[in-house]
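Undergrad: Take this structure, written in structure tokens, and hold onto it; I'll ask about it next.
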Amino acid sequence: MPVKGLLHYALEVPDPVLGETFYKDFGLKETDNRGNSVQFKTSQGSGELLLYEGPKKRLHHIALAAPGDDFTAVRDALKAAGIPEIDPPNSAPQVGIWFNDPDGNLINVRQEERKTIAAEPLLDYNGPGNATRINRRGMPTFERAEPRRLGHVLFFTPDPDAATRFYTETLGFKISDRVPGILSFMRCSTDHHNIAVAKSTHRGFHHASYEVGSFDEVGMGGMWMREQGWEPAWGLGRHAIGSNVFYYIKDPWGSYAEYFHDIDYIPEDATWDAREWDPKYALYCWGPDVPSDFIINKEEV
Ligand SMILES: [Fe+2]
């Protein structure tokens with residue numbers, strides 16, 4: 001697959017200072033606010049989120065990794081598909097290829113390796129007849145989450161099938177699971193999904209998701225955010241598609257930031273049984289009911 005990873009996403013927001021407070025409470029660290037964007041990183045990553053000031057919240061752009069020859073392959077595929085390369089906006093990093101996806105989302109492909117993080121020690125659990133945490137309390141001793149890396153983003157699109165065709169046929173993503181005509185989950189790495197799209201009347205940004213170190217950390221992170229006064233959105237629960245445990249917090253503009261742990265891992269050369277799901281069973285195995293407004297595009301047209 002020519003594209004090998006999701007590097008970062010950038011949002012335009014009406015109040016970057018409020019955004020800073022939200023994402024710092026969420027556990028990201030500010031790295032740079034010298035230019036016209038504020039940049040944040042996870043504990044193991046670098047610059048996965050950029051906030052630009054703008055009249056309303058919307059996606060500014062996403063950046064994808066295409067190392068070595070993959071970069072040339074993306075350039076050739078865009079040309080073959082008749083998708084023109086465009087100049088980057090003045091405000092954006094002036095690197096790589098820039099173009100619009102079929103919905104007008106701005107995409108930046110860079111000749112870079114995907115980001116990787118150091119392996120952490122296996123977690124100790126006490127299972128039936130199989131205790132690995134011996135003579136030690138299991139309750140968490142930390143208060144909040146420390147996102148390790150960016151995992152995925154989900155956009156709204158008026159045409160999930162067309163968006164899926166573009167990301168798979170032109171950028172080389174693989175389909176991991178679909179709810180035909182409604183949802184499509186695609187990967188460009190070993191994560192079950194790096195980009196997902198959901199049906200709406202128009203494009204929009206729904207959420208970005210960050211990996212944390214344990215189920216406890218998903219729960220503790222959600223509780224910390226509630227205590228800081230942010231609105232819990234959905235969780236704690238376990239997704240059906242992707243299998244990850246999740247907790248979603250509403251950001252100040254009606255989209256979401258998600259903590260995740262234990263997402264399905266699919267080696268690049270593995271055969272994966274991509275399924276077509278009934279919407280009734282697609283979203284979660286357990287957890288609170290899905291909030292009625294959770295998959296509503298709150299961005300204006
Ligand atoms: Fe997610």
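Undergrad: Going through GLU258, GLU300 one at a time, which residue ends up being within 16 Å of the ligand (Cβ to nearest atom), over 17 Å from ARG187 (Cα atoms) and either without any contact (Cβ under 8 Å) to a residue 24 or more places away in the chain or touching a His at 6+ places or on another chain (Cβ under 9 Å) (or both)?
TA: None of the others qualify; the one that does is GLU258.
Undergrad: Counting just the residues of the stretch 234-252 that are touching a residue at least 60 places away in the same chain (Cβ under 8 Å) and under 17 Å from LEU18 (Cβ atoms), which one comes out farthest from the ligand (Cβ to nearest atom)?
TA: So the residue we want is PRO252.
Undergrad: Is there a residue in the stretch 208-224 that is within 14 Å of the ligand (Cβ to nearest atom), part of a helix (DSSP H, G or I) and among the aliphatic types (A, V, I, L, M)?
TA: For the stretch 208-224, residues within 14 Å of the ligand (Cβ to nearest atom), part of a helix (DSSP H, G or I) and among the aliphatic types (A, V, I, L, M): present.
Undergrad: For the stretch 220-237, does any single residue satisfy the condition of being surrounded by 14 or more Cβ atoms within 10 Å (Cβ to Cβ), of a type in the set (Gly, Ala, Ser) and over 23 Å from PHE156 (Cα atoms)?
TA: Among the residues of the stretch 220-237, at least one is surrounded by 14 or more Cβ atoms within 10 Å (Cβ to Cβ), of a type in the set (Gly, Ala, Ser) and over 23 Å from PHE156 (Cα atoms), which makes the answer yes.
Undergrad: Could you check the stretch 61-117 and list, in sequence order, the residues that are part of a helix (DSSP H, G or I) and among the hydroxyl-bearing types (Ser, Thr, Tyr)?
TA: Correct list: THR72 only.
Undergrad: Within the stretch 35-56, which residues are in a strand (DSSP E or B) and out of contact with any helix residue (DSSP H, G or I) (no Cβ under 9 Å at 6 or more places or on another chain)? Give the steps one after another, and end with the answer.
TA: Residues of the stretch 35-56 in a strand (DSSP E or B): 37-41, 49-53.
Correct list: GLN39, LYS41, LEU50.
Undergrad: Can I ask one more? Which members of the stretch 112-139 meet the condition of being surrounded by 11 or more Cβ atoms within 10 Å (Cβ to Cβ) and either basic (Lys, Arg) or within 16 Å of the ligand (Cβ to nearest atom) (or both)?
TA: Once the filter is applied, which keeps residues that are surrounded by 11 or more Cβ atoms within 10 Å (Cβ to Cβ) and either basic (Lys, Arg) or within 16 Å of the ligand (Cβ to nearest atom) (or both), the stretch 112-139 yields ARG114, LYS115, ARG133.
Undergrad: Same structure again: So if I check each of PHE142, PHE166, which one is more than 16 Å from the ligand (Cβ to nearest atom) and more than 22 Å from LEU6 (Cα to Cα)?
TA: PHE142
Undergrad: Considering every residue within the stretch 24-40, establish whether at least one is in contact (Cβ under 8 Å) with a residue 24 or more places away in the chain, within 20 Å of PHE142 (Cβ to Cβ) and surrounded by fewer than 21 Cβ atoms within 10 Å (Cβ to Cβ).
TA: yes
Undergrad: Now, a different point. If you scan the stretch 45-70, which residues turn out to be crowded, with 19+ Cβ neighbours inside 10 Å and free of Cβ contacts under 8 Å to residues at least 60 places away in the same chain?
TA: Within the stretch 45-70, GLY47, LEU50, LEU51, TYR52, HIS60, HIS61, ALA63 qualify.
Undergrad: Condition first: of a type outside the set (Asp, Glu), buried (at least 20 other Cβ atoms within 10 Å of the Cβ) and at pLDDT 95 or above. Can you find one or more residues in the stretch 270-277 that meet it?
TA: no
Undergrad: List the residue pairs whose Cβ atoms are under 8 Å apart, where the first residue sits in the stretch 157-175 and is free of Cβ contacts under 8 Å to residues at least 60 places away in the same chain, the second is among the polar types (S, T, N, Q) and part of a loop (DSSP other than H, G, I, E, B), and the two are 6 or more positions apart or on different chains.
TA: THR157/SER200; PRO158/SER200; PRO158/THR201
The values are calculated or read from the model by the stated rules, or taken from the named source; none is laboratory data. The structure presented is a predicted model; accordingly, all values stated were derived computationally and were not measured. FYI the Cβ positions are ideal-geometry reconstructions off the backbone, even for glycines, and counts take in every protein chain you see.
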